[in-house]
1. Does Ala125 fit the bill of being in contact with a helix residue (DSSP H, G or I) (Cβ under 9 Å, 6 or more places away or on another chain), within 16 Å of the ligand (Cβ to nearest atom), in a helix (DSSP H, G or I) and of a type in the set (A, V, I, L, M)?
2. Could you name every one of the helices (runs of 4 or more DSSP H) located completely within segment 328-403 that has at least 1 residues being surrounded by 15 or more Cβ atoms within 10 Å (Cβ to Cβ), more than 33 Å from the chain's Cα centre (by Cα) and touching a residue at least 12 places away in the same chain (Cβ under 8 Å)?
3. Please state which one of Arg180, Arg153, Arg184 is open to solvent by 60 Å² or more (accessible area, probe 1.4 Å) and in a strand (DSSP E or B).
4. Check Gly380, Gly369, Gly386 and return the single one that is on the phi > 0 side of the Ramachandran plot and either of a type outside the set (Lys, Arg) or modelled with pLDDT under 95 (or both).
5. Are there any pairs with C-beta distances below 7 angstrom linking a residue in segment 177-188 that is on the phi < 0 side of the Ramachandran plot to a residue that is at pLDDT below 95 and near the ligand (Cβ under 8 Å from one of its atoms), with the two at least 6 apart or on different chains, and if so which?
6. Under the condition of being closer than 30 Å to Ala421 by Cβ and outside any loop (DSSP other than H, G, I, E, B), which residue from segment 187-227 is nearest to the ligand (Cβ to nearest atom)?
7. Only one residue in Arg196, Arg218, Arg254 is of a type in the set (D, E, K, R), at negative phi and in contact with a Pro (Cβ under 9 Å, 6 or more places away or on another chain). Which one?
8. Determine if segment 278-287 includes at least one residue that is over 21 Å from Gly380 (Cα atoms) and either outside any loop (DSSP other than H, G, I, E, B) or open to solvent by less than 10 Å² (accessible area, probe 1.4 Å) (or both).
Amino acid sequence: MNSIVVKFGGTSLADVAQIRKAAAIVQSNPERRYVVVSAPGKRDSTDVKVTDLLYQCYSIAARGDDFSGPLSEIHARFSEIARGLQVSLDLEAEFDSIRRRLTMSPDQDYVASRGEYLNARIIAAYLGFDFVPPEETIFFTDNGKLDEDRTFRVMGEKLAALPHAVIPGFYGVMPIGVIRTFSRGGSDITGSIVARAVNAHIYENWTDVSGMLSADPRIVNNPKVIRRITYTELRELSYMGASVLHEDAIFPVRTVGIPINIRNTNCPEDPGTLIASTDGTEGRVVTGIAGRKGFSAIVVEKSMMNAEVGFGARLLQIFAEHGVPFEHCPTGIDMLSVVVSRDLFNSSRDEILQNIQEELTPDAVSIHGGLAMIAVVGQGMASSRGTAMRIFKALAEAEINIRMIDQGPSELNIIVGVNEADYENAVRVIYAETESLM
Ligand code: ASP
């Protein structure tokens, strides 16, 4: 039988009413067999996520202070959920053991994981599904990386024996038996792991928006929803900060081509966004626009640089040694610029500049700050002409100075650097020019 893995985010499970909606979605299709859950999220914009309350408990406990305030808040939220769903679970015993751990040996990842753990226990009981603990199925290696082979095998074997199951998101176990969480938003990764382990035909990621938008709605009025996007395009967009999905969540499913469908728990009839290995959209040239402020370009000049073997490698090595990843690297014949995050660069600025002087003896080094980068992404650009011309012409007509241009080798992105002050306007101008190509 086909199986669908469904993952519900925190707002989809924030209270009894939301959990009922999620349960109805699961029950409406018998192929939705495996359910991954987040901890209860915000019920409204003023609310606090259970995971944030758990982190608060941990930091208070680590100082040796009284954490009973936030812990009672969490207890009250789960009691209300369990009562509303008429699930009987010994929450007193669960909270006693969390309290004991917080008092005796507070451990941040263990404490943070309890939101997903308790929510999964309650939802499994409500749906009448088995509960599968990540403590026994998701494994990290000693260096904190996911042990993919063991995880896919053990999780796959475990779930093959169960028609239905609920699995807490966000965490797994270290070789020494202690809990380890993924980074924030990591339940998306658990969903992907489960989808891979059972070889699901689709991974549905249920959230509170009807899919990914083609531009930032805080900048562009009513941007189009992206109905379909490739994993690669998503990487290009998420890399600039447009993500509705944890950026590591595509990797477990991408290699085997399981599509991810972003859906809205509050509007289940909306098709959402399908993330797959092929585009499948006829005639679309541009898929989306994303961008970010906060970059600096460090420009290094040296005569005959192009003939000096290893110059670029040594320059990038200096940034690497100071833990500064480079984002782009546009070059001229005697000039190389490295575009980096301004904050990361500033934290080791003097040392990096000194190393460049000592190791590369350049003719000149200059720093160009205040740079915003905008990525225009679309698989269709590789096989069509004129998109770059339209973008640059539109920016010129809006009197926006382009400070940098970079095109990825597979021609699926065009990246332009502009002054931070021009950023929002530039995104609007590019969107208006390319909307008809989307
Ligand atoms: N609850 C965790 C967080 O708030 C993980 C998740 O929801 O994906 O980051």
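The values are calculated or read from the model by the stated rules, or taken from the named source; none is laboratory data. All of these numbers come straight from a predicted model, not from anything done at the bench. Every residue, glycine as well, gets a Cβ built from its backbone with ideal geometry; the counts of neighbours run over all protein chains shown. Just so you know, the surface numbers come from the protein's heavy atoms only, side chains and all, with ligands and any DNA or RNA stripped out. Shrake-Rupley method; radii C 1.70, N 1.55, O 1.52, S 1.80 Å.
1. no
2. 349-360
3. Result of the check over Arg180, Arg153, Arg184: Arg180.
4. Gly386
5. Gly186/His246; Asp188/His246
6. The selected residue is Leu213.
7. From the options Arg196, Arg218, Arg254, the qualifying one is Arg196.
8. The answer is no; no qualifying residue exists.
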